[in-house]
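Peer 1: This is the structure I want to talk about, given as structure tokens.
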Amino acid sequence: MNRDVRTPTGEAATRVILSTFRANSLLLAAGDLLGAREGLTSARWQVLGAIALAERPLTVPQIARRMGLTRQSVHATVKRLVVDGLLEIAPNADHRRSPLVDLTGSGRSRYEAIDRLQVAWVNALARGLDGSDLETAARVLDELCWRLEDDRAEEGGVTTSAKKVNR
């Protein structure tokens with residue numbers, strides 16, 4: 001087969017990727033609107049959410065990995081959230097140069113308030129969609145993420161994942 005022509009599966013994957021780019025932009029804009037009620041941007045909400053969902057303090061690199069963000073952007077967001085009194089920094093016995101980041105009482109309250117808003121928003125967004133279709137979409141996106149993470153870890157950049165047939 002000609003290596004310069006996408007296979008039907010490659011074409012479908014390209015459509016998924018392009019739709020994901022568009023969805024990401026729209027979701028960040030929606031997150032900014034939801035977060036505005038609590039004085040949060042999507043980026044700040046993501047950082048608070050990573051810690052809240054982990055139910056324990058995390059390091060900046062752990063937050064970045066969980067949310068698919070760069071360490072630099074998470075570090076800058078964490079600094080702003082600390083200044084705003086929503087996060088606190090504590091020493092990390094396992095790694096002196098990577099302190100633990102945790103929610104303050106105010107940070108937890110803000111996260112819980114925006115989470116309540118998100119429940120109503122996401123239920124309305126999902127109304128009329130098939131749950132099994134959403135589960136399939138999540139599985140496909142998770143698999144694409146795992147393959148992309150494997151490529152990055154193995155070769156430090158964008159490569160083909162042809163060698164990764166099944167997980």
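Quick note: the coordinates plus some simple rules give every number you see, no bench work behind them. Note that the coordinates shown come from a computational prediction; the quantities given were computed from them, not determined experimentally. Neighbour counts are summed over all protein chains in view; Cβ atoms, including those assigned to glycine, are modelled from backbone coordinates with ideal geometry.
Peer 1: So, counting K/R as plus one and D/E as minus one, what does the shell of residues with Cβ under 11 Å around residue 47 add up to? Show your work: numbers first, answer last.
Peer 2: Working: positive: 44, 66, 79, 80; negative: none.
Here the count lands on +4.
Peer 1: Could you state the angle between the C-alpha long axis of helix 42-54 and the longest principal axis of the C-alpha atoms of the chain, as a value from 0 to 90 degrees rounded to the nearest 10?
Peer 2: Approximately 80 degrees, to the nearest 10.
Peer 1: For segment 63-129, which trypsin sites (Lys or Arg not before Pro) are both in a DSSP coil and crowded by at most 11 other Cβ atoms within 10 Å?
Peer 2: Details: sites: 65, 66, 71, 79, 80, 96, 97, 108, 110, 116, 127; in loops: 96, 97, 127.
Qualifying residues, ordered by number: 96, 97, 127.
Peer 1: Determine, for 82, 5, the number of other Cβ atoms within 10 Å of each Cβ, and report the residues in order from fewest to most. Intermediate results must be reported in sequence, preceding the final value.
Peer 2: On the way: 82 15, 5 8.
Exposure proxy ranking, most exposed first: 5, 82.
Peer 1: Which cross-chain or sequence-distant (5 or more) residues have an amide H under 5 Å from the amide H of residue 104, H modelled 1.01 Å from N in plane?
Peer 2: Counting only residues 5 or more places away or on other chains, the set is 87, 88.
Peer 1: Can you give the charge dipole size of segment 17-113 about its Cα centre, rounded to the nearest 20 debye, using +1 on the beta carbon of Lys and Arg and -1 on the beta carbon of Asp and Glu? Write down the numbers at each step before the final one.
Peer 2: On the way: 13 positive and 8 negative charges, 60 e Å.
The dipole magnitude comes to about 280 debye.
Peer 1: Exposure proxy check: 53, 48, 81, 26 ranked by fewest other beta carbons within 10 Å?
Peer 2: Details: 53 13, 48 26, 81 23, 26 10.
Arranged by neighbour count, lowest to highest, 53, 48, 81, 26 become 26, 53, 81, 48.
Peer 1: Right, something else. Quick check of the Kirkwood formula: for segment 26-167, what is the inverse mean of 1/r over all pairs of different Cα atoms, in Å?
Peer 2: On the way: mean 1/r = 0.0589 Å⁻¹.
Across segment 26-167, the inverse of the average 1/r is 17.0 Å.
Peer 1: Starting from the Cα of residue 139, step 7 Å along the direction of its Cβ; do the same at residue 30; then give the gap between the two resulting points in nm.
Peer 2: Here the answer is 2.3 nm between the modelled labels.
Peer 1: Mean-square fluctuation check for the chain, GNM, Cα pairs under 10 Å: which of 68, 128, 105 is largest?
Peer 2: 128
Peer 1: May I pose another question? Determine, for 75, 95, the number of other Cβ atoms within 10 Å of each Cβ, and report the residues in order from fewest to most. Walk me through the numbers before you get to the answer.
Peer 2: Working: 75 15, 95 11.
With the sparsest Cβ surroundings first, the list reads 95, 75.
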